[in-house]
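Here is the structure we will look at.
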Amino acid sequence: MATKYWVGGDGAAPNDWDTAANWEPAIVPASGDAIFIQGSQSILDNVDRSANDYTDFEVLPDYTGALGSQTEPLIIDVDTFKFAGQGLAYIVLDASMALAIINNTAQVSTGDNAGLWLSTSTAVTLTTLRVNKGIVAGPIAGLELTLTNAFASFLNNQSTDVRLILNAAAAVTNYRQTGGNNLVRCDLASTIIDGGVLTTEAASAQTAIILNAGTLYPNATGTIAAITVNNGLADFTRSREARTVTAATWNGGRIIKRSTVTWPTTTLGGDIDGTLTRI
């Protein structure tokens, strides 16, 4: 195994992965190598690296270049993945792996924009995606993203450090957040909110939601099979769409309902209507 650092800037092909002069030492990475991306030179050419199996892939905090594009993402087969760069990146993970850690991305405008767009290849599962800081979205348009666990955390600022966007084409089993202003459009089996803001949209269906702190805006039209509110705010008034909640447990915090929400006849823990004005 060797360690290779991207430096880029070759006079003839400054953005080409397959140009030896763009690496330090000046040898194109081979299977088994550990790769570190640094500097400012983008990597845009020969970005399908699926034929190689690298060990470590880390984008360092000083990196400001772009990695891949929406139409030609960087496709990599790696054992460990860490990202803290400041440039726009489109990355496809081409092998199942245990953990991807995101500590920073380009700080782009809000909405559906992201500094890091992440996908997985067909039949590839990322066990845990942990976003500590940055704006991350997936999958890339037309591609897939399969996750067992998605975790939105924070490093310094619980409100602004993180924005994680999981679009409708994502296949995610478990979701948890302690911070950020996050958006989910896909189905989830388990959702735990310990802080921050989570908005659901589109036809996202939720099997079980537990709200311990923070704010939930359940705007999605998919059914919520069970919701437990221990603290924080679950506000159903941001959308006029018809929605269904099959079972609810209210132990604390606040739930604001809307007349377009079909609610269970009995709410365990008490009658939530006494805590709000129906809209």
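The values are calculated or read from the model by the stated rules, or taken from the named source; none is laboratory data. Owing to the predicted nature of the structure, the values given are computational and were not obtained by experimental measurement. With ideal geometry, Cβ positions are generated from the backbone for all residues, glycine too; neighbour counts draw on all protein chains shown.
Looking at segment 228-240, is at least one residue of a type outside the set (Lys, Arg), buried (at least 19 other Cβ atoms within 10 Å of the Cβ), within 18 Å of Leu164 (Cα to Cα) and modelled with pLDDT of 95 or more? Within segment 228-240 (the criterion being of a type outside the set (Lys, Arg), buried (at least 19 other Cβ atoms within 10 Å of the Cβ), within 18 Å of Leu164 (Cα to Cα) and modelled with pLDDT of 95 or more), the answer is no, since none of the residues qualifies.
Residues in segment 196-253 that are among the β-branched types (Val, Ile, Thr), touching a Gly at 6+ places or on another chain (Cβ under 7 Å) and farther than 22 Å from Ser153 by Cα: how many? Before you say what the answer is, go through the steps one by one.
The initial filter retains those residues of segment 196-253 that are among the β-branched types (Val, Ile, Thr), namely 197, 199-200, 207, 209-210, 215, 221, 223-224, 227-229, 237, 244-246, 249.
Then drop every residue that is not touching a Gly at 6+ places or on another chain (Cβ under 7 Å), which leaves 197, 215, 229, 249.
When the remaining residues are screened for being farther than 22 Å from Ser153 by Cα, the result is 249.
Qualifying residue count for the region: 1.
For segment 132-164, filtered to residues that are β-branched (Val, Ile, Thr) and either at pLDDT below 95 or closer than 15 Å to Ala89 by Cα (or both), the residue that is nearest to the chain's Cα centre (by Cα) is Val136.
If you check Asn46 against the conditions, is it within 22 Å of Asp16 (Cα to Cα) and in contact (Cβ under 8 Å) with a residue 24 or more places away in the chain? Yes, satisfied. Of the residues contained in segment 27-34, one or more are found to be over 24 Å from Ser96 (Cα atoms) and either at pLDDT below 95 or surrounded by fewer than 16 Cβ atoms within 10 Å (Cβ to Cβ) (or both). Of all the residues in segment 3-62, those that are within 17 Å of Tyr90 (Cα to Cα) and of a type in the set (D, E, K, R) number 5. All of Leu183, Leu188, Leu211 fail the test of being under 19 Å from Thr128 (Cβ atoms), surrounded by 19 or more Cβ atoms within 10 Å (Cβ to Cβ) and either at pLDDT 95 or above or among the aromatic types (Phe, Trp, Tyr) (or both), apart from Leu188.
Entry remark, segment 230-242: residues being at negative phi and either touching a Ser or Thr at 6+ places or on another chain (Cβ under 7 Å) or among the acidic types (Asp, Glu) (or both) number 5 in total.
Condition first: of a type in the set (Phe, Trp, Tyr) and within 13 Å of Glu58 (Cβ to Cβ). Now tell me which residues in segment 1-46 satisfy that. Step through it out loud before you land on a result.
Start the filter on segment 1-46 by keeping residues that are of a type in the set (Phe, Trp, Tyr), which leaves 5-6, 17, 23, 36.
Across segment 1-46, the qualifying residues are Tyr5, Trp6, Phe36.
Quick one: is Ala13 more than 22 Å from Gly142 (Cβ to Cβ) and touching a Ser or Thr at 6+ places or on another chain (Cβ under 6 Å)? Before you say what the answer is, go through the steps one by one.
Working: more than 22 Å from Gly142 (Cβ to Cβ): yes; touching a Ser or Thr at 6+ places or on another chain (Cβ under 6 Å): yes.
Yes.
The C-beta contact set for segment 56-70 (first residue touching a residue at least 12 places away in the same chain (Cβ under 8 Å), second residue of a type in the set (Asp, Glu) and part of a loop (DSSP other than H, G, I, E, B), distance under 9 angstrom, 6+ apart or interchain) comprises Asp56/Asp33.
If only residues of segment 71-97 that are surrounded by fewer than 18 Cβ atoms within 10 Å (Cβ to Cβ) and of a type in the set (S, T, N, Q) are counted, the one that is farthest from Gly138 (Cα to Cα) is Thr80. Here Val172, Val162 are screened, and the one residue that is more than 17 Å from Asn104 (Cβ to Cβ) and out of contact with any Pro (no Cβ under 9 Å at 6 or more places or on another chain) is Val172. Scanning segment 180-238 for residues that are in a loop (DSSP other than H, G, I, E, B), over 17 Å from the mean Cα position of the chain (by Cα) and polar (S, T, N, Q), which turns out nearest to Ser259 (Cα to Cα)? Only one residue tops the list, namely Thr237. When we screen Ala51, Ala100 for residues that are of a type in the set (A, V, I, L, M), within 20 Å of Leu118 (Cα to Cα) and surrounded by fewer than 16 Cβ atoms within 10 Å (Cβ to Cβ), the only hit is Ala51.
Would you say Thr199 is at pLDDT 95 or above and farther than 23 Å from Thr128 by Cβ? If you could, list the steps in order and put the result at the bottom.
Working: at pLDDT 95 or above: yes; farther than 23 Å from Thr128 by Cβ: no.
For Thr199, the condition - at pLDDT 95 or above and farther than 23 Å from Thr128 by Cβ - is not met.
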